[in-house]
């Protein structure tokens, strides 16, 4: 095989991997949008908050350390050596569920039957609140997250791919990050689990019923409040997974919350209401922007990767606003 | 003594009792101005009246779906099986055996017919086998639903959706179904078919019905008792037979006979009935 072709394959593979990372974020949006018609602007910040909490628990940080110091004058940064990864993940999940519960109690409960735009504004407020809360609890410094997810290239894979290249060509093997591969596997498991849950369980059916018709769901005795707590908890879990993957990759810091912006074109492409759509949309965006950078980039001076996704989204909005897999608008006359 | 005895038995027999309820939307719009009615156990009671008379609001006040529309019962009492249910949420009412089938069907469009029916059993805790048995029972009443069990409800016909909505309510094992405008947008033949099933459900399963209808003719044919609402008030009530033969009802609601009157308001001879609490 020629090195050019191998470069192509490498780009596609890396595109697929980074696409999966986008999908992880997009999934959280889809879950909440489907169940309540709310576009949750805070999804990215939820991922950041989850990652911050996870790091805090892992390293044994004392939450609100600065606040405690300021008020009581007690200097307590650490309470010990931290806890094992699995325990920390479970602890973070408990925090996310508590958060979902509080959001329902404090915000959503009072906004039943309001316009979608009002709910959207509420989530913007929520995003800023969580951002501040995260800083206040765990500090605003950049943290490394390491719960033992494998990362870095694989020498074995580089050796294998070098042998594919033609004799004498200067190809040094393919670089695939193990972290990306792990993320892909995790995302696949997550999607299968979520699909099975929503398709075959009583609660999943109720979630889809609520997504279709709030009023009718109420009338058959489905409690919207319960459903919302569950949905936000699941979205919190997805945010945690996304936070772990992105945090391991690029550190836990404020910019983590901006991954939400990358999820937007993924959603428009895949459809706001489709879980498989979020995955396929992510893959297309990931591969698309990497390939565009490689082949079109040099013609226009590069840096296509940053805006390519948004242009694709724009085209989709013009010709297929419900996305590739979004619910068709059923209209009977 | 004999009097108290009969009073007791009639109170026992009334599954649902509304006493002079008043409903206000958005804190300002008065929609129901004191509606009282009583639904005996095992009866089919019709709530009749024109558009905007307050039929749907009455039903929603009972099932408490009103809250989600910013409406509230501000006066009066709603008693189901001897228990005040005004403050209960809709899901608690469903658990207590009172479920509403909303106007315009409201099936879950993207769920299959069978999934729609299964959502009706959401509040039940008596196990998969019992639910499955009830699913079969619903299919035996509505064979058409069995044929379409795997199609998306959004793509089925209006009649099938109405059957689906009633079947879904049955899956909750209710004692009482509040049926809102079942005839809406359906062909006359289908309307008869649906009402026929209502009668069978009433006779065989012992389900009590309170139904709101504009189609007075059909409703009075199948109901045992009727209330006529106008502008948020009960203006007339009686058993179905006497209503069918009432001259005013004939004129205004059945379209038989009639000279110059245009509303109940203008009928001097008509004795308005009001029931006040205490």
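The values are calculated or read from the model by the stated rules, or taken from the named source; none is laboratory data. The model shown is predicted, which means the values in this text are computed figures rather than measured ones. Quick reminder, even Gly has a Cβ in these numbers, built from the backbone with ideal geometry, and neighbours come from all protein chains shown.
Say whether the condition of being assigned to a helix (DSSP H, G or I), within 12 Å of another protein chain (Cβ to nearest Cβ) and in contact with a strand residue (DSSP E or B) (Cβ under 9 Å, 6 or more places away or on another chain) is met by at least one residue in segment B:148-157. Looking through segment B:148-157, at least one residue is assigned to a helix (DSSP H, G or I), within 12 Å of another protein chain (Cβ to nearest Cβ) and in contact with a strand residue (DSSP E or B) (Cβ under 9 Å, 6 or more places away or on another chain). Selection of segment B:168-209 for residues being crowded, with 21+ Cβ neighbours inside 10 Å, touching a helix residue (DSSP H, G or I) at 6+ places or on another chain (Cβ under 6 Å) and within 14 Å of chain A (Cβ to nearest Cβ) yields B:168, B:170, B:171, B:172, B:177, B:178, B:180. Restricting attention to segment B:206-242, the residues that are touching a residue at least 40 places away in the same chain (Cβ under 8 Å) and outside any strand (DSSP E or B) add up to 11.
Does residue B:109 fit the bill of being at the interface with chain A (Cβ under 10 Å from one of its Cβ atoms) and surrounded by fewer than 23 Cβ atoms within 10 Å (Cβ to Cβ)? Judged against the criteria, residue B:109 is a match. Reported count of residues in segment B:243-278, each being part of a loop (DSSP other than H, G, I, E, B) and either buried (at least 18 other Cβ atoms within 10 Å of the Cβ) or modelled with pLDDT of 80 or more (or both), is 2. Only a single criterion out of (1) under 18 Å from residue A:30 (Cα atoms); (2) more than 8 Å from chain B (Cβ to nearest Cβ) is not satisfied by residue A:214, namely (2). The residues listed here are A:124, A:97, A:103; of these, the one that is in contact with a helix residue (DSSP H, G or I) (Cβ under 7 Å, 6 or more places away or on another chain) and within 18 Å of residue A:41 (Cβ to Cβ) is A:103.
Before we move on, is residue A:209 surrounded by 17 or more Cβ atoms within 10 Å (Cβ to Cβ) and either in a helix (DSSP H, G or I) or within 14 Å of another protein chain (Cβ to nearest Cβ) (or both)? When the stated conditions are applied, residue A:209 passes them. Considering (1) assigned to a helix (DSSP H, G or I); (2) surrounded by 23 or more Cβ atoms within 10 Å (Cβ to Cβ), the lone condition that residue A:71 does not fulfil carries the number (2). Under the condition of being within 14 Å of chain A (Cβ to nearest Cβ) and over 20 Å from residue B:98 (Cβ atoms), the residues counted in segment B:124-147 number 4.
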